[in-house]
Amino acid sequence: MPSINQSKKIVASQWGKHPEVVPMFWGKPGMGKSHAALQLGEELGIPKDRTLVVHINNHDVVDFTGVPSVVDGQTIFNPTDMFYKFREGTGAGLIVLEELAQSSHHHQQWAGGFTEERATATFKLDPEVRIIASGNRAEDRAGAKPLLSHLNDRLWHLDIETSLDDWCEWAMDNGVPAIGVAFLRLRPDLLNDFDPSRRSNPTQRSWTKLLTQLPDDLPRDLYLMAAEGKVGEGAAAEWVAARDMMHKMPSVDAIRLKPDAMEIPDEPSVKFAVATSMSMSTTPDLFSSDMKYMSRMPKEFQMVYVTDALRLHADLAQTKDFIDWAIKNKDIFIT
């Protein structure tokens, strides 16, 4: 199964050739399907006011087809502005059909016609408007049901799997604290451990909210209680214990002042935190000093630092420090 980034590459390639292709992202709740769809629009340069997210079950089908009225003895469908602003001649746009698998058969019948004909009762969509759908799987017990066969046949189905690398890359660009990223590198099986029988689950969405919306300075007991309410008791306990340990890591600023002398932590969780904190805060001017310290760590943590630093600053691959490191570690670097 493809990861989110792989799925995005597939869809971007298809849309570059055929804008009328309609993909559907399938996967567990909370793994970033909706966000990935919006990222595709951003990467195409589609403005936010030309992007429409439709939670299908929140609407009557008449909202999509138009409200009928009689004029001079004829029934006329009056379109709502929902899709009308995407009519022919208006230019590129993105329509995201959310929770398609949770929708009724009546809604699915409409979606089957809309995605195939790219038209309502009164107008056609602009040729440069893209449509993408998303939905949870039946086994996730989120209200999903089988899609009608003709609708299935009109979609490109992509079953997305959880990818730690994809999430870490996204998290680094979206304000997720370094120690949270480091913890999930340490415990990657907790990134998306969704179980529909539990009320709270550790998912990519849950971790992101916990790490960005819960004040870090809450008293430990209150912090733990709140974390349990978002990711569940087991995951919260592991995270808070690791967090306590990671808070003991040496200052990144102090490391950069004396990269040859600063102590290397013993605990793997602290090593992950140091490597991730340094990679997320490095600059081309700091890279040489960072590499002096990181070269004293085990190779797996060197790889964490180098991989993330290059994601943020691709030009570092041309520096002497990186080239020397890559030659010295070509076995793990190639792998």
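The values are calculated or read from the model by the stated rules, or taken from the named source; none is laboratory data. Note that this is a predicted model, so its numbers are computed, not measured. Note that we place each Cβ from the backbone using ideal geometry, even for glycine, and neighbour counts take in every protein chain shown.
Quick look at the values:
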{"read-out": "Residue list for the range 125-153, restricted to those being modelled with pLDDT under 95 and either under 17 Å from P19 (Cα atoms) or among the basic types (K, R) (or both)", "value": "R137, R141, K145"}
{"read-out": "Residue list for the range 36-87, restricted to those being farther than 30 Å from K145 by Cβ and modelled with pLDDT under 90", "value": "S69, V70, V71, D72, G73, Q74, T75, I76, N78"}
{"read-out": "Hey, G93 under 23 Å from the mean Cα position of the chain (by Cα) and either of a type in the set (G, A, S) or under 20 Å from L147 (Cα atoms) (or both) or not", "value": "yes"}
{"read-out": "Residue check, A178 in contact with a strand residue (DSSP E or B) (Cβ under 7 Å, 6 or more places away or on another chain) and buried (at least 18 other Cβ atoms within 10 Å of the Cβ)", "value": "no"}
{"read-out": "Any hit, the range 197-209, residues being at pLDDT below 90, out of contact with any strand residue (DSSP E or B) (no Cβ under 6 Å at 6 or more places or on another chain) and assigned by TED's automatic domain parsing to the domain that holds G232", "value": "yes"}
{"read-out": "Residue satisfying condition, being over 30 Å from V231 (Cβ atoms), of a type in the set (G, A, S) and surrounded by 16 or more Cβ atoms within 10 Å (Cβ to Cβ), within set G16, G30, G41, G66", "value": "G66"}
{"read-out": "Residues being closer than 18 Å to K33 by Cβ, aromatic (F, W, Y) and out of contact with any Lys or Arg (no Cβ under 7 Å at 6 or more places or on another chain) - total across the range 165-224", "value": "3"}
{"read-out": "Residue match in the range 118-130 (condition: in the same structural domain as W26 (by TED's automatic domain parsing) and part of a helix (DSSP H, G or I))", "value": "no"}
